[in-house]
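Contents: one structure, followed by commentary.
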Amino acid sequence: MGVLDYLRASSIVHSIQQYDLVNTPEFQKPVWLPVSGTIPPWLNGILYRIGPAKYNLGDQNGKQYMIRHAFDGLPFIHRFELCSKQQKVRYNSRLTAEAVEKTLVSGNSNNIFFGHMPDEEQGWGRFAKTIQRLDSTLFRATPQDVTLLDPSSRAVGVTVTPNYPLPKALQNPDSNDRVLVAKSDYNMLQQVNEDTLEPQHLFEYNHYDKENLHGIPTAAHHQYDADTGETFNVLVSFGRVSKMTIFALDRTGTQTRVLAEITHRKLANGDTSEPILLSYIHSFWLTKHYVIIPESPLHYGNRGLDVVMSGTIVTGLAWKKNTPAYLHIISRDTGGLLVSLPTDPFFTFHTANAWDTTDEKTGQPVIHLDCCAFDSADFLYKLYNLGQRDTTGNTKDNKKTTPIEYRGITIDENNMPTSHADLRRYSVTWGDKENKATSITITPNVEFPRFSQAYTLKPYQFLWGCQASEDGPSRSVLCKVDLDTGHVTRNTCKGYSFSEPIFAPRPNATREDDGVLLSFVNNVSDHRCLLVIVDASTLEEIATCDVGDFTATTFHGSFVSDKFENISVN
């Protein structure tokens, strides 16, 4: 990123980040809340939700700091313990980045944000912060051991995962074995207490394997095979040589396996001369025999240097026009990159299910991959107030601006998104007879996809998610998609804005959609926060818990049984 690009990027961001975002109140002390309707007698367990919550920061001396991007609020974890016997919900929440708040308010932070650009990073102040970021990410010979730091000194707030395997050094044989870990799109994990939500440890993937697991970006969404107990993820290395490291952890967290280190594509004709783009990878796919990594045209500019220079992910990303996306197929059985198949240019935040099979006619492997796909990266600059109440009149200046193109991305702050991504199925095959990756759109306008965990890595029929509401960009409606027919069922309860729905099956169910959905809902019109339980088959509301007089933004969640067994884990 040249100096002029750098100045232009910061000018663009400062012109957009005009929203006054609202804090979510914290409930460290648990409260028991009544329920209207009925919690099914079999539904007993714990729902965790995680997401940005604190934007207006301050200290006892009156010094303040404002975060102006919805994704960058300091994270809260929310805990809901459902008790059908009492027909109540025990709720508590906690800020998991207290030390980050102190550092930001003091002015000593060199954080890299998703979209927020600090006000002080103008003029010469921005260059000082850039030097600090370069030192801490690329130049420092001896990296910090983050396990020795205050466990609340990093903001880790995209996914929350129960029963995640810990590195051997952090395993405690005297603990109750109830492990809860927060993850993000960079190489930092945070263990928190499963009940109080108090941060306990920070760690990185190199604490599993200090020789092989290095990189800065990673996928916030890991993949897991319940049959083998393996956890899979990818690390991306910034620098002169672009590299993706795909790896697996065993169920104990003590053994790692590097499946592939990818620096160049492996085309079907055997050509390995093309270097990969360092794509932004938020999630990927897993099947019984393969790991599939998407290489999108949305990539880190200048091999990651632009992110470090600008201090934000958004301004450090670029969309490479007129280039396909690639699907990298890695073998779980033998390891190694098998093939890189080009397909239409797309980016996905969130993959859904995937499975592999064999074509009866050709004998070749076939993989089906579901995801929510964007055809461009124009959405990137439209996320500044996502999940917040309608802030149309809550800006410093409501003047119309002229759309501009920056690094292959159209920035048009006048038009907020009216639709989410397309729910799309990619199908790939390779071998001696044919090599291709094709796609079909099942239905438009779907995000935050979830499905029954019992059907992971298998063919399935139903998927649940959120759709952008016709009433405005601040609302999401709940949807159920029949993947065989494309039929969409919706819950459009007036005033509700649903978060990612989490499916909990009825015990011994024989139908795939026999169960309930759990969604943390903002009642926008009444400015209230609700936990809503919905029949997964019909999308009819069966129980509601009024959490309080506030709204909350959360990205993702997981549900475990009252014995802390995984039911639906993100």
* Structure fact -> Subset of the range 544-570, residues closer than 24 Å to S36 by Cα, in a loop (DSSP other than H, G, I, E, B) and out of contact with any helix residue (DSSP H, G or I) (no Cβ under 8 Å at 6 or more places or on another chain), comes to D549, F550, T551, A552, T554, D562
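Filter the range 535-559 for residues that are more than 19 Å from the chain's Cα centre (by Cα) and within 26 Å of H282 (Cβ to Cβ); which is surrounded by the most Cβ atoms within 10 Å (Cβ to Cβ)? Break it down stepwise before answering.
As a first pass, look at the range 535-559 and keep what is more than 19 Å from the chain's Cα centre (by Cα): 535-551.
If we keep only those that are within 26 Å of H282 (Cβ to Cβ) as well, we get 536, 551.
Numbers: A536: 26, T551: 22.
Looking at the filtered set, the residue picked out is A536.
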* Name the residues in the range 43-80 that are in a strand (DSSP E or B) and free of Cβ contacts under 8 Å to residues at least 60 places away in the same chain, would you? -> K54, N56, L57, G58, Q64, Y65, M66
* **Of residues in the range 171-205 being surrounded by fewer than 20 Cβ atoms within 10 Å (Cβ to Cβ) and more than 22 Å from L74 (Cα to Cα), the one nearest to the chain's Cα centre (by Cα)** => R178
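Taking the residues in the range 92-104 that are of a type in the set (A, V, I, L, M), buried (at least 18 other Cβ atoms within 10 Å of the Cβ) and at pLDDT 95 or above as candidates, determine which candidate is farthest from D150 (Cα to Cα). Give the steps one after another, and end with the answer.
Within the range 92-104, the subset of a type in the set (A, V, I, L, M) is 95, 97, 99-100, 104.
Subset that is buried (at least 18 other Cβ atoms within 10 Å of the Cβ): 95, 97, 100, 104.
With at pLDDT 95 or above added as a condition, the list becomes 95, 97, 100.
Numbers: L95: 14, A97: 9, V100: 10 Å.
Result: L95.
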* Which members of the range 279-295 meet the condition of being assigned to a strand (DSSP E or B), touching a Phe, Trp or Tyr at 6+ places or on another chain (Cβ under 6 Å) and not hydrophobic (A, V, I, L, M, F, W, C)? -> E295
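Looking at the range 357-366, is at least one residue out of contact with any Leu (no Cβ under 7 Å at 6 or more places or on another chain), within 26 Å of G465 (Cβ to Cβ) and buried (at least 21 other Cβ atoms within 10 Å of the Cβ)? Spell out the reasoning first.
Within the range 357-366, the subset out of contact with any Leu (no Cβ under 7 Å at 6 or more places or on another chain) is 357-366.
Now drop any that are not within 26 Å of G465 (Cβ to Cβ), which leaves 357, 366.
Now drop any that are not buried (at least 21 other Cβ atoms within 10 Å of the Cβ), which leaves none.
No, the range 357-366 contains no residue that is out of contact with any Leu (no Cβ under 7 Å at 6 or more places or on another chain), within 26 Å of G465 (Cβ to Cβ) and buried (at least 21 other Cβ atoms within 10 Å of the Cβ).
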* Asked: Looking at the range 311-339, which of the residues that are of a type in the set (S, T, Y) and under 22 Å from the mean Cα position of the chain (by Cα) is nearest to S427 (Cα to Cα)?
  -> Y326
* Asked: Would you say T147 is surrounded by fewer than 23 Cβ atoms within 10 Å (Cβ to Cβ), among the polar types (S, T, N, Q) and closer than 21 Å to P75 by Cβ?
  -> yes
* Structure fact -> Residues of the range 299-314 being of a type outside the set (F, W, Y) and under 18 Å from S184 (Cα atoms), in sequence order, are H299, G304, V307, V308, G311, T312, I313, V314
* To do: Working only within the range 482-499, note down all residues that are without any contact (Cβ under 8 Å) to a residue 60 or more places away in the chain and either farther than 21 Å from E470 by Cβ or among the charged types (D, E, K, R) (or both).
  => D482, D484, T485, R490, K494
* Looking only at the range 15-26, which residues are in a loop (DSSP other than H, G, I, E, B) and either under 25 Å from N566 (Cβ atoms) or of a type in the set (A, V, I, L, M) (or both)? -> L21, V22
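Taking the criterion of being modelled with pLDDT under 95 and either in contact with a Ser or Thr (Cβ under 6 Å, 6 or more places away or on another chain) or closer than 18 Å to Q86 by Cβ (or both), would at least one residue in the range 18-40 satisfy it?
yes
Would you pick out the residues in the range 38-57 that are of a type in the set (A, V, I, L, M) and either crowded, with 21+ Cβ neighbours inside 10 Å or at positive phi (or both)? Before you say what the answer is, go through the steps one by one.
Residues of the range 38-57 of a type in the set (A, V, I, L, M): 39, 43, 46-47, 50, 53, 57.
Answer for the range 38-57, where residues must be of a type in the set (A, V, I, L, M) and either crowded, with 21+ Cβ neighbours inside 10 Å or at positive phi (or both): I39, L43, I46, L47, I50, A53.
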* Quick check, is A220 at pLDDT 95 or above and not in a strand (DSSP E or B)? -> yes
* Restricting attention to the range 168-184, which residues are closer than 27 Å to S283 by Cα and among the polar types (S, T, N, Q)? -> Q171, S184
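The values are calculated or read from the model by the stated rules, or taken from the named source; none is laboratory data. Since the structure is predicted, the reported quantities are computational estimates derived from the model, not experimental observations. Heads up, the Cβs are rebuilt from the backbone with ideal geometry, glycines too, and the neighbour counts pull from every protein chain shown.
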